[in-house]
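The block underneath contains the structure these notes are about, expressed in structure tokens.
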Amino acid sequence: MNIGMHDFGSSVFGRSLMTMGRGLKSTQQKMERQETRDRQVAFFEKQKENLKNVKCETVEEIARKLELFHSYEDQIAAAKAAYNNEQMWHMMDESREIGEKIAEAVEKSKPKTPEERMEDLAEEAAGTESGGMLEELDEVMEEALELQEEMQDVQQEMTQENLRKEAAVNAQKAAGEEADLQEAVVYHPFDIKV
């Protein structure tokens with residue numbers, strides 16, 4: 001089974017795939033399988049060549065020589081068939097590895113967020129990749145942001161607490177006014193005869 005990608009290497013993307021293919025694990029395994037197949041085929045071809053030097057005087061010896069010859073031919077065909085079967089699996093493995101490499105390349109080439117670009121610019125301006133004053137400044141800024149968030153939370157809690165207290169005071173005033181109204185309205189029975 002031979003699968004080729006003709007003229008695919010001419011594109012820019014194709015060139016990067018071709019250079020990636022040299023270092024792939026599946027490509028190395030393919031080379032090992034090819035070497036194993038070639039060694040097996042060479043061994044049995046040599047055995048067939050050695051059969052030419054064997055002298056046969058009886059019909060049984062000729063039959064044995066012919067049987068060995070067919071056996072070697074079968075062994076060669078089996079080695080090639082095994083390689084072809086493994087090659088199908090290799091193509092799937094290689095495709096998966098290339099896909100993973102492409103996914104990594106796509107991930108690296110994604111546009112950066114404004115925050116990431118600012119970090120890159122800051123690192124570039126400071127001349128350091130990690131550590132240094134820039135990193136300390138980032139930590140201080142993060143702590144300041146955390147403190148600001150905490151202050152906002154406390155302020156919200158205080159505002160909510162004040163609203164609760166004001167609501168309780170208003171409820172008490174309303175209850176008091178209602179009690180005063182009930183006291184002011186006293187029922188006085190009167191009888192009128194007409």
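Some notes on this structure:
- In segment 20-48, residue modelled with the highest pLDDT [restricted to those that are under 24 Å from V106 (Cα atoms) and open to solvent by less than 80 Å² (accessible area, probe 1.4 Å)]: T27
- Selection within segment 101-121: residues that are open to solvent by 100 Å² or more (accessible area, probe 1.4 Å) and part of a helix (DSSP H, G or I). The member of this set that is nearest to K25 (Cα to Cα) is E104.
Conditions tested, residue by residue: (1) within 30 Å of N50 (Cα to Cα); (2) in contact (Cβ under 8 Å) with a residue 12 or more places away in the chain; (3) in contact with a Ser or Thr (Cβ under 7 Å, 6 or more places away or on another chain).
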residue	(1), (2), (3)
F69	yes, yes, no
Q87	no, yes, no
M92	no, no, no
E104	no, no, no
K108	no, no, no
E146	no, no, no
V154	no, no, no
N162	no, no, no
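Yes or no, residue by residue, for (1) open to solvent by 80 Å² or more (accessible area, probe 1.4 Å); (2) modelled with pLDDT of 85 or more; (3) touching a helix residue (DSSP H, G or I) at 6+ places or on another chain (Cβ under 6 Å); (4) in a helix (DSSP H, G or I):
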residue: A63; (1), (2), (3), (4): no, yes, no, yes
residue: Q87; (1), (2), (3), (4): no, no, no, yes
residue: M91; (1), (2), (3), (4): no, no, no, yes
residue: M141; (1), (2), (3), (4): yes, no, no, yes
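- Counting the residues of segment 44-65 that are in contact (Cβ under 8 Å) with a residue 12 or more places away in the chain and hydrophobic (A, V, I, L, M, F, W, C) gives 2.
- Criterion (under 30 Å from E123 (Cβ atoms) and surrounded by 10 or more Cβ atoms within 10 Å (Cβ to Cβ)) met by exactly one of E136, E177, E157: E136
- The single condition among (1) loosely packed, with under 11 Cβ neighbours inside 10 Å; (2) over 30 Å from T27 (Cβ atoms) that L51 does not meet is (1).
The values are calculated or read from the model by the stated rules, or taken from the named source; none is laboratory data. Just so it is clear, the structure is predicted and the values come from calculations on it, not from any experiment. Positions of Cβ are backbone-derived with ideal geometry, glycine not excepted, and every protein chain shown enters the neighbour counts. Calculation scope for accessible area: heavy atoms of the full protein, side chains included, ligands and nucleic acids excluded. Shrake-Rupley method; radii C 1.70, N 1.55, O 1.52, S 1.80 Å.
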